[in-house]
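The values are calculated or read from the model by the stated rules, or taken from the named source; none is laboratory data. Since we're looking at a predicted model, the values are computed, not measured. Methodologically, a virtual Cβ is constructed for each residue, glycine included, from the backbone with ideal geometry; neighbour enumeration extends over all protein chains shown. The area values use the complete protein model at the heavy-atom level, side chains included, leaving out ligands, DNA and RNA. Shrake-Rupley method; radii C 1.70, N 1.55, O 1.52, S 1.80 Å.
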Amino acid sequence: MRLGVIHILNGPNLNLLGQRQPEIYGRATLDDIAEACAALGAELGLQTFCRQTNHEGALVEMIHEAREAAQGIIINPAAYSHTSVAILDALHSFDGPVIEVHLSNIHRREPFRHHSHISARAEAVIAGCGPQGYELALRFLASVLGRGGA
Ligand code: DQA
């Protein structure tokens with residue numbers, strides 16, 4: 001576990017942020033979000049590392065890598081939130097705080113999005129704040145990890 005390092009992990013289709021259903025997910029790209037988090041992280045004394053994959057097993061492996069490399073995780077598992085016990089189990093192997101983020105308010109959407117397996121392991125869940133949700137998660141982590149901020 002590396003002090004002050006936060007991994008921001010993103011699941012399937014989030015590589016298309018900015019192009020995919022902008023009426024739901026907005027116009028910001030994942031690179032925009034990564035840049036905003038890096039800038040905020042620098043203010044808060046946190047180093048961020050933003051990753052994305054479209055594959056469930058790859059997301060599991062990214063979580064395993066975070067065991068050694070990160071002090072906290074911000075994760076938007078996207079559609080796997082609603083289906084993946086494997087990602088939940090992987091998160092149970094991580095010792096630090098985990099914040100689950102969804103750009104959209106999943107509770108206002110189709111019933112199949114209302115339940116997230118991941119929430120059972122998350123210290124906090126942020127949904128419906130758009131890209132700002134990632135920054136709120138980072139501020140919360142800074143406060144939980146005692147690094148100033150929120
Ligand atoms: C999402 C919500 C999920 O239901 C959906 O499958 C996504 C994105 C969000 O950020 O709002 O891909 O996690």
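Here is a check on your reading of the model: is GLN52 buried (at least 16 other Cβ atoms within 10 Å of the Cβ) and polar (S, T, N, Q)?
For GLN52, the condition - buried (at least 16 other Cβ atoms within 10 Å of the Cβ) and polar (S, T, N, Q) - is met.
Looking at GLN47, GLN71, which one is away from the ligand (no atom under 16 Å from the Cβ), closer than 14 Å to ILE8 by Cβ, touching a residue at least 12 places away in the same chain (Cβ under 8 Å) and open to solvent by 30 Å² or more (accessible area, probe 1.4 Å)?
Being away from the ligand (no atom under 16 Å from the Cβ), closer than 14 Å to ILE8 by Cβ, touching a residue at least 12 places away in the same chain (Cβ under 8 Å) and open to solvent by 30 Å² or more (accessible area, probe 1.4 Å) holds for just one of GLN47, GLN71, which is GLN47.
Can you pull out the residues in the range 1-12 that are open to solvent by 70 Å² or more (accessible area, probe 1.4 Å) and closer than 15 Å to ASP31 by Cβ?
Matches in the range 1-12: none.
Residue pairs, Cβ under 6 Å, 6 or more apart or interchain, first in the range 121-150 and among the basic types (Lys, Arg), second surrounded by fewer than 17 Cβ atoms within 10 Å (Cβ to Cβ) and outside any loop (DSSP other than H, G, I, E, B). List them.
Close Cβ pairs satisfying both conditions: ARG121/HIS92.
Any idea which residue in the range 79-118 is most open to solvent (accessible area, probe 1.4 Å), counting only those that are farther than 20 Å from ASN54 by Cα and of a type in the set (Gly, Ala, Ser)?
The selected residue is SER93.
Return the pairs, sorted by first residue and then second, in which the second residue is of a type in the set (A, V, I, L, M) and open to solvent by less than 50 Å² (accessible area, probe 1.4 Å), the first residue lies in the range 12-24 and is modelled with pLDDT of 95 or more and within 9 Å of the ligand (Cβ to nearest atom), the beta carbons are less than 7 Å apart, and the residues are 6+ apart or on different chains.
Going by the 7 Å Cβ cut-off, the qualifying pairs are PRO12/ALA78; ASN13/ALA78; LEU14/LEU30; LEU14/ALA78; LEU17/ALA28; LEU17/LEU30.
With within 15 Å of the chain's Cα centre (by Cα), within 16 Å of the ligand (Cβ to nearest atom) and within 20 Å of ARG121 (Cα to Cα) as the only criterion, which of ALA79, ALA36 stands out?
ALA79
When the residues of the range 102-122 are narrowed to those that are within 16 Å of the chain's Cα centre (by Cα) and part of a helix (DSSP H, G or I), which ends up farthest from the ligand (Cβ to nearest atom)?
Within the range 102-122, the first condition is being within 16 Å of the chain's Cα centre (by Cα), and the residues that meet it are 102-106, 116-122.
Remaining after also requiring part of a helix (DSSP H, G or I): 106, 117-120.
Values: ILE106: 5, HIS117: 12, ILE118: 10, SER119: 12, ALA120: 16 Å.
My answer is ALA120.
Just one of the numbered conditions (1) in a loop (DSSP other than H, G, I, E, B); (2) more than 22 Å from ILE63 (Cβ to Cβ); (3) modelled with pLDDT of 95 or more is not true of SER143; which one?
Against the list (1) in a loop (DSSP other than H, G, I, E, B); (2) more than 22 Å from ILE63 (Cβ to Cβ); (3) modelled with pLDDT of 95 or more, SER143 comes up short only on (1).
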